[in-house]
Structure formats: C-alpha cells, structure tokens
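Single-structure report; data block below.
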Amino acid sequence: MSHPEVSPTRPRAVVSLSGGMDSSVCLALAARDYKVYALHFSYGQRTEHRELASARAVAEIVGVQQFLPLRIDLFRQIGGSALTDPNIEVPNAPAVEQIGAEIPVTYVPFRNAHFLSAAVSWAEVLGAKKVFIGAVEQDSSGYPDCRPAYYAAFNHLIQTGTRDGDIEILTPLIHRKKSEIVQLGLELKAPFHVTWSCYSGEDLACGVCESCALRLRAFAQAHAKDPIPYRRKAANER
C-alpha cells in the first residue's frame, strides 16, 4: 500500500494501533482524511513483541506521520487477565454462537481507558481533534470497554477535562460485523498480511483462541483468504 498523499491542510488525528485486524483497518480508514499519528501500547501482554512488530509494520505501510510506542507495566502487576497473567491460561474459543455471551478471562480490566487517556493527551499536544480506536461491539468477545455507551461517556469526560474540550473519540467500526471489517479492509488495501490477532502465539497464530476464531470466521464469511499463518484451526473454522 503506497503512502497516502497528505495535504498541508489535512487535519491531524491520533489512532490507537494494536497491530490487530480491527485497529489496522481503523488506521487505514482514518488515513484517507487525516494526517495520522499512531499510538501503540506494550502492557505485558503475552504477544507484546509480535504486536509491536505488527503495529510498526502497519504504521509504515499505511504511512503515518509518527509512530509512538509506549510501555506500561500496571496490567502485568495487577494481573486478573489471561493476556497479562501467566497463571491464567488462554482458553480455546467456545462454540461460535457462545463467543461474547460472557466476559472472558482475556478481558484486561479497564484497559481502553488507559489507552484513550494517553491518546487524548497526545492529541492535545498535536492539536488533533479526533482520536480513532478500532473498538467493535458485534462479533466480539464481549469486552465492556468496547460498547458505544463507554465511548459516549469518555467523550463527555474529554469535554469536561481537557483544555478546550473539543477532542472527540471516534469508533467507526463499532457497529460493523467482523466480516464487514474484513471487506472494508480489502477495499482500503489494509495490510492484513502483517497484522496479528492471536492471544497466545508469536510465531504462528494458535488458531483456536477466541481472537483467532473470530478472525478466521470473519475472513470465511467475507469469502477472503486470511494471509497470516496458523498453527491449527478450530474445527468449526476449517
């Protein structure tokens, strides 16, 4: 994907970029209309090295103005999530229809609030009025910090707690199905081949965690081939 031509009058936007499928499509979408500044967090997650490498690669291909990797250690110290606590095993995905029925052990407590706070702080410094995050409510694991009401409340917090009160969190993917996000990414030429979604593997995606199962199902429903390698695939995703 060639770097987008940036108009000197194009406004700035900060994008929270994990290196996964959804955030990468969100970045590609934002890059159509904004000078994008990508923010990435390493927070002690199992696949933090691979996620950082993926986020860097996505940022380079899409063509961001600046890539800012940050590290926070509080989630590893707090624990309570299979993504940050080595004593909690990452579970295999349940039957497809059950994904999202309950908040899973891969939920990192109030994680997105920390990400958004840093993104808004950076946006204030940059003079950016928009902060993008690739949160998805449908076809997701059911995390409470991926619901529309959460972002409405956060926008109210920004209005009352920032200097000018005019920065806005945008969640352009939140109502889309995962298969629709794949289709949109293909239209935008998002670099799916360098993205990473697996909760547990860093060399090959495990293929059986919830994140892998949701991604594989999305590509299948979009009638597209997922370009990343898998160790194996859940029976219902083959």
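The numbers here are math on the coordinates, done by the rules we state, and not lab data. The structure displayed is predicted, hence computed values, not measured ones. Counting neighbours? That spans all protein chains shown, and the Cβs are built from the backbone with ideal geometry, glycine included.
Take the Cα of Asn87, step 7 Å toward its Cβ, do the same at Glu202, and the gap between the two points is 2.2 nm. Along region 30-35 the Karplus relation, 6.51 cos²θ - 1.76 cosθ + 1.60 evaluated at θ = phi - 60°, assigns HN-Hα couplings of 5, 5, 5, 10, 9, 6 Hz to successive residues, with x for each Gly and Pro.
So, with +1 on the Cβ of K and R and -1 on the Cβ of D and E, and no other charges, what is the size of the charge dipole of the chain about its Cα centre, to the nearest 20 debye?
About 400 debye.
Sequentially through region 167-184, phi angles give Karplus couplings (6.51, -1.76, 1.60; θ = phi - 60°) of 8, 10, 7, 10, 10, x, 9, 4, 9, 8, 6, 4, 5, 5, 5, 4, 4, 5 Hz, Gly and Pro residues having no value and appearing as x. Among Lys129, Lys225, a tally of other beta-carbon atoms within 10 Å of each Cβ gives an order, fewest to most, of Lys225, Lys129. Along region 200-213 the Karplus relation, 6.51 cos²θ - 1.76 cosθ + 1.60 evaluated at θ = phi - 60°, assigns HN-Hα couplings of 10, x, 10, 9, 10, 5, 5, x, 10, 6, 4, 5, 5, 4 Hz to successive residues, with x for each Gly and Pro. Among the listed pairs Lys178/Lys225; Lys35/Lys177; Lys129/Lys177; Lys130/Lys177, a Cα-Cα separation exceeding 18 Å is found for Lys35/Lys177; Lys129/Lys177; Lys130/Lys177. Amide H contacts for Phe132 (H built 1.01 Å from N in the peptide plane; partners 5 or more residues away or on another chain; cut-off under 5 Å): Val14, Val15, Ser16, Leu170. Going by neighbour counts of Cβ atoms within 10 Å, the residues Glu137, Glu210, Glu187 line up, fewest first, as Glu187, Glu137, Glu210. In this rough spin-label picture, where each label sits 7 Å from Cα along the Cβ direction, the Gln77-Lys129 distance is 3.9 nm.
Taking the Cα centre of region 166-207 as origin and charging only Cβ (+1 Lys, Arg; -1 Asp, Glu), how large is the dipole, in debye to the nearest 20?
The calculated dipole for region 166-207 is roughly 220 debye.
Each of Ala152 and Gln221 was given a label point 7 Å from its Cα along the Cα-to-Cβ line. The distance between the two points is 2.4 nm. Based on the Kirkwood approach, the hydrodynamic radius assigned to the chain is 18.0 Å, with every pair of different Cα atoms included.
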